[in-house]
Amino acid sequence: MALPDFLLLGAPKCGTSALHAALTRHPDLFLSEPKEPKFFLTDGPPPTSGGGPGDVPTWGEHVWRRADYEALFDAAPPGTLRGESTTFYLYDRDAQRRIAKLLPDARLIAVLRDPVERAHSNWAHLRGAELEAEPDFLRALDAEPVRIAAGWAHFWHYAALGRYGEQLDDLFALVPREQVLLLRYRDLRDRPVATVDAACRFLGVATGRVDGVPRHNVRPDVSGRTAGPTTAQRAAALPRFAADVARVAEITGWELDDWAR
């Protein structure tokens with residue numbers, strides 16, 4: 001049986017692609033191709049209709065059959081640790097439960113980013129892909145509850161995806177805290193080698209084997225696609241996250257004044 005030993009599980013637009021690309025360079029790690037098989041997001045085939053713009057083709061990318069999922073890891077050299085990186089696993093509570101049931105001993109890594117910056121980057125990504133019709137970031141946030149009720153896929157959940165405290169509370173009810181490593185986006189951006197080494201120590205493989213994050217991953221996934229929200233946009237968006245930022249600070253012990261202002 002070839003199942004992963006570890007998962008990079010969230011959140012989107014937080015540098016997970018950069019971390020995935022860096023870890024593929026480690027000789028004792030094997031990461032899946034595709035990077036995001038999305039196996040734990042459904043129990044059976046994904047939807048074939050509905051959702052928001054572009055959702056149906058994305059759902060069609062799911063590797064949802066267990067035999068196909070296991071086959072992604074068949075080529076792992078003996079003795080290596082197997083992993084994959086689906087950024088919605090932290091947000092999706094059903095995925096959390098499926099992971100805890102099938103992979104009770106798996107190591108889980110999540111990179112967390114300032115939630116306003118993350119939401120804006122998410123919105124800008126879909127604008128750039130010509131899928132997001134709303135040209136105003138704040139109005140797109142206001143539209144989120146209606147879109148969620150209509151069944152739009154997770155990537156449209158700009159604010160909800162960034163409420164990491166709620167997600168972590170649910171995750172820690174399912175898996176031991178010591179099986180989860182939380183990393184800061186800014187550390188991956190500013191201290192990539194040290195951050196990758198922290199992930200390697202957590203996984204139990206040698207440090208000093210990866211010399212950085214590939215530039216083509218750093219550019220879109222760590223530096224961001226746009227200049228970010230304006231001061232006014234940030235001030236208007238912050239109340240959506242204030243209580244949750246406090247919870248993340250409590251869980252992690254991180255100083256998060258930069259997230260809260």
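The values are calculated or read from the model by the stated rules, or taken from the named source; none is laboratory data. It should be emphasised that the depicted structure is a prediction, and the values quoted were computed from it without experimental measurement. Here the Cβ is made from the backbone with ideal geometry for all residues, glycine too, and neighbour counts use every protein chain on show.
Structural remarks
- Just one of (1) farther than 20 Å from T58 by Cβ; (2) touching a strand residue (DSSP E or B) at 6+ places or on another chain (Cβ under 9 Å) fails for S85. It is (1).
- Any hit, the range 117-124, residues being surrounded by fewer than 22 Cβ atoms within 10 Å (Cβ to Cβ) and not acidic (D, E): yes
Conditions (1) within 28 Å of D43 (Cα to Cα); (2) of a type in the set (A, V, I, L, M), marked per residue:
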residue	(1), (2)
Y91	yes, no
A95	yes, yes
A106	yes, yes
D114	no, no
N122	yes, no
G128	no, no
A140	no, yes
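- Verdict on S17 being under 20 Å from the mean Cα position of the chain (by Cα), more than 28 Å from V146 (Cβ to Cβ) and modelled with pLDDT under 95: yes
- Residue among D105, D74, D68, D94 that alone is modelled with pLDDT of 95 or more, of a type in the set (D, E, K, R) and either under 18 Å from A199 (Cα atoms) or crowded, with 19+ Cβ neighbours inside 10 Å (or both): D105
- Residue in the range 38-46 that is more than 22 Å from A76 (Cβ to Cβ), in a loop (DSSP other than H, G, I, E, B), touching a residue at least 12 places away in the same chain (Cβ under 8 Å) and hydrophobic (A, V, I, L, M, F, W, C) present: no
- Residues in the range 69-116 that are part of a loop (DSSP other than H, G, I, E, B), more than 18 Å from the chain's Cα centre (by Cα) and over 21 Å from F202 (Cα atoms): L72, D74, A75.
- Selection count, the range 117-151, where residues are touching a helix residue (DSSP H, G or I) at 6+ places or on another chain (Cβ under 6 Å) and in a loop (DSSP other than H, G, I, E, B): 2
- Apart from one condition, E33 fits all of (1) surrounded by fewer than 12 Cβ atoms within 10 Å (Cβ to Cβ); (2) acidic (D, E); (3) in contact (Cβ under 8 Å) with a residue 60 or more places away in the chain; the exception is (3).
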